[in-house]
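Taking it in order: structure first as structure tokens, then the write-up.
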Amino acid sequence: MATLIDGKAFAATVRNKVGQAVSALKAEHDLLPGLAVVLVGDDPASQVYVRNKGKQTLETGMQSFEHRLADTTTEEELLHLIEQLNHDARVHGILVQLPLPAQIDSHAVINSINPDKDVDGFHLVNVGRLATGAPGLVPCTPLGCMMLLKNQIDDLTGANAVIVGRSNIVGKPMGALLMAQHCTVTTAHSRTRELPSVCREADILVAAVGRAQMISGDWIKPGAVVIDVGINRIEGEGGKTRLVGDVDFASAAEVAGAITPVPGGVGPMTIACLLRNTVQAACAANGIAFSLD
Ligand code: NDP
């Protein structure tokens, strides 16, 4: 039976370290890191995410700035707000909650954020930094996956890593991070041939597909480390809905060496890494060396 990778507990230790770093920055440098989160519209899931981000930001002792805008907001109005936040010295991190309403071009908005405040790591400059191995801000979900992996495997050198999914938010940056750790990386997607046999080659399998329980135990190499990024809501017993990953946990756990559960795996790491990135950005803006170890 696979070892359970407890992302909830690991995220709590990351948040603790962020809290300690924030206290030290206040005490030693009179610096209070600040995170601005912008929500446009009233998408219920986005509202929950934004509330959680604000709450956890405050819990670490950082400053939280929430900007809630109507779903009729124009692109020009949003760009104007971002320009203000780019110039606000109290704000070290800016996150625009996605998705944005149809009248707003997400790419234009993301690329208007000062790359050094882009704590989501989605700005083209940060994408380029990650692709070329330069220091920068790394997208939170793949960063969280990598922290869980490195906690599980000391040295990833030479491991065969397969990522299922090639999104800009998860799959592609995950590939860059694994390559930087000297893995041999395969990125699979909806056009990949013989996906089960591609997955069976993986010492490290990262699932970021968005299809409930698609990857079953017989796709997994015995002893592999499985990181399940998927969050899918399915109907469970008694008509109640429940969350499942992209991996069929029950069959996969019988074969894998270690596996993240859903919920309680990658999910909690995402906000923890957002807080971590905000401290990193605050340190960089003030010429302070950053480390959470
Ligand atoms: P996207 O929809 O942007 O990307 C999905 C990827 O999966 C695409 O590359 C697509 O291929 C590929 N894909 C779809 N169907 C298949 C298939 N049948 N076989 C092989 N590949 C397939 O999703 P995201 O990357 O944004 O998210 C993936 C999952 O992770 C979702 O469940 C999402 O909810 C979750 N998520 C969780 C987060 C967390 O905090 N834990 C954060 C972000 C996402 P193609 O490119 O060819 O279309």
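Using a ≥ b ≥ c from the Cα gyration tensor of the stretch 3-69 (square roots of the eigenvalues), is it rounded, prolate or oblate, where a/c under 1.5 gives rounded and otherwise the larger of a/b and b/c decides, a/b for prolate? Please list the in-between numbers first.
On the way: a/c = 4.12, a/b = 1.16, b/c = 3.56.
Oblate.
May I ask you to derive the FRET efficiency for Ser216 and Ala89 from their Cβ-Cβ distance with R0 = 35 Å, giving the value to the nearest 0.05?
Numbers: r = 52 Å, r/R0 = 1.47.
Rounded to the nearest 0.05, the efficiency is 0.10.
Running Debye on the stretch 105-257 with equal point scatterers at the Cα sites and no solvent, what base-10 log of I(q)/I(0) appears at q = 0.09 Å⁻¹?
-0.31
In whole angstrom, note down how far apart the Cα centers of the stretch 88-109 and the stretch 10-41 are.
First find each Cα centre; the distance between them is then 20 Å.
Got the relative contact order for the stretch 30-115 handy, in percent, Cα pairs under 8 Å and 6 or more residues apart?
Once normalised by length, the contact order is 41 percent.
What three numbers, in Å, describe the spread of the alpha carbons of the stretch 150-234 along their principal axes, ordered from the longest?
Sorted from largest, the Cα extents of the stretch 150-234 read 35, 29, 26 Å.
Please list, by residue number, every one of the trypsin sites (Lys or Arg not before Pro) in the stretch 152-242 that is coil in DSSP and has at most 13 other beta-carbon atoms within 10 Å.
Values: sites: Arg166, Arg191, Arg193, Arg200, Arg211, Arg233, Lys240, Arg242; in loops: Arg166, Arg191, Arg193, Arg211, Lys240.
Listed in order of number, the matching sites are Arg191, Arg193, Lys240.
Are there cysteines in the chain with no other Cys C-beta under 4.7 Å, and if so, which?
Flagged as lacking a Cys partner: Cys145, Cys183, Cys199, Cys283.
Taking a virtual spin label 7 Å from the Cα of Ile288 along the C-beta vector, which residues in the stretch 4-18 bring their backbone nitrogen under 15 Å of it?
From the stretch 4-18, the list is 17-18.
Please give the residues of the stretch 6-50, grouped as numeric ranges, whose backbone N is less than 13 Å from a label point set 7 Å along the Cα-to-Cβ vector of Glu59.
8-19
For the stretch 168-293, what number results from the quotient of the Cα radius of gyration and 2.2 N^0.38 Å? Each step should come with its number before you reach the end.
Working: Rg = 16.8 Å, N = 126, 2.2 N^0.38 = 13.8 Å.
Cα-based Rg divided by the globular estimate yields 1.22.
Sort 140-147, 9-16, 108-115, 286-293 for me by packing, meaning the mean count of neighbouring Cβ atoms within 10 Å per residue, highest on top. Please list the in-between numbers first.
Working: 140-147: 25.4, 9-16: 16.6, 108-115: 18.5, 286-293: 10.2.
Output ranking for 140-147, 9-16, 108-115, 286-293: 140-147, 108-115, 9-16, 286-293.
How long is the gain from Leu98 to Ala45 if the chain were fully straight, where each residue apart is worth 0.36 nm and the alpha carbon distance is subtracted?
Details: separation 53, 0.36 × 53 = 19.08 nm, distance 1.04 nm.
Gain on stretching Leu98 to Ala45: 18.0 nm.
With the calculation restricted to Cα positions, what are the radius of gyration and Dmax of the stretch 59-183 in angstrom?
Final numbers for Rg and Dmax: 16.6, 50 Å.
How many nm separate the modelled label positions at Asn52 and Met1, each set 7 Å beyond the Cα in the direction of the Cβ?
2.7 nm
Whole Å is fine, so just give me how far the alpha carbon centre of the stretch 178-213 lies from that of the stretch 67-85.
A separation of 38 Å, based on Cα centres.
For the stretch 30-115, state the average projected area of the convex hull of the C-alpha atoms over all orientations, rounded to one decimal in nm². Mind showing how you got there, number by number?
On the way: hull surface 21.6 nm².
About 5.4 nm², averaged over all directions.
Between Leu124 and Asn16, take the C-beta separation as r, use R0 = 25 Å, and let me know the FRET efficiency to the nearest 0.05. Write down the numbers at each step before the final one.
Numbers: r = 33 Å, r/R0 = 1.32.
It comes to 0.15.
What does the accessible area per residue of the stretch 211-286 come to in Å², with a 1.4 Å probe and no ligands, DNA or RNA counted?
Per residue, the stretch 211-286 has 41 Å² of solvent-accessible surface.
What is the percent carbon and sulfur in the accessible area of the chain, measuring with a 1.4 Å probe over the protein chains and ignoring ligands?
Numbers: 7200 of 13990 Å².
It is 51 percent, rounded to a whole number.
With charges only on Cβ, +1 for K and R and -1 for D and E, what is the dipole size of the chain about its Cα centre, in debye, rounded to 20? List each step's numbers first, then the result.
Numbers: 23 positive and 30 negative charges, 74 e Å.
Here the size comes out at about 360 debye.
What FRET efficiency comes out for the pair Ser106/Glu28, r = Cβ-Cβ distance, R0 = 30 Å, nearest 0.05? Kindly include the intermediate steps, with their values, before the conclusion.
Values: r = 38 Å, r/R0 = 1.27.
Efficiency computed from Cβ-Cβ geometry: 0.20.
If we sort 246-253, 172-179, 77-84 on the protection proxy, mean other Cβ atoms within 10 Å, highest first, what's the order? Mind showing how you got there, number by number?
On the way: 246-253: 20.8, 172-179: 22.5, 77-84: 15.8.
Final packing ranking: 172-179, 246-253, 77-84.
Under 8 Å for C-alpha pairs, at least 6 residues apart: give me the relative contact order for the chain, rounded to a whole percent.
Values: 595 pairs, mean separation 63.5, N = 293.
Normalised by residue count, the contact order of the chain is 22 percent.
Taking the Cα centre of the stretch 217-293 as origin, sum charge times position over the Cβ atoms of Lys and Arg (+1) and Asp and Glu (-1), and report the length of that vector in debye to the nearest 20.
On the way: 5 positive and 8 negative charges, 61 e Å.
Charge dipole, the stretch 217-293, about its Cα centre: 300 debye, nearest 20.
Suppose we keep just the alpha-carbon trace of the stretch 248-293; what are its Rg and Dmax in angstrom?
16.5, 49
Could you give me the radius of gyration and the Dmax of the chain, taking only the C-alpha atoms into account and expressing both in angstrom?
Every Cα atom of the chain included, Rg and Dmax give 19.2, 56 Å.
So how far apart, in nm, are the two label points at Arg193 and Leu243 if each is 7 Å from Cα heading toward Cβ?
Spacing of the two 7 Å Cα→Cβ label points: 3.8 nm.
When all alpha-carbon pairs of the stretch 128-187 are counted, what percent fall beyond 19 Å? Provide the component values of the computation, followed by the final result.
Working: 370 of 1770 pairs.
Pairs farther apart than 19 Å: 21 percent.
The values are calculated or read from the model by the stated rules, or taken from the named source; none is laboratory data. Please read these numbers as outputs of a predicted model, since none were measured by experiment. Virtual Cβ from ideal backbone geometry, glycine too; neighbours counted across all protein chains shown. Ligands, DNA and RNA are stripped out before the accessible areas are found, and what is left, the full protein with its side chains, is counted by its heavy atoms. Shrake-Rupley method; radii C 1.70, N 1.55, O 1.52, S 1.80 Å.
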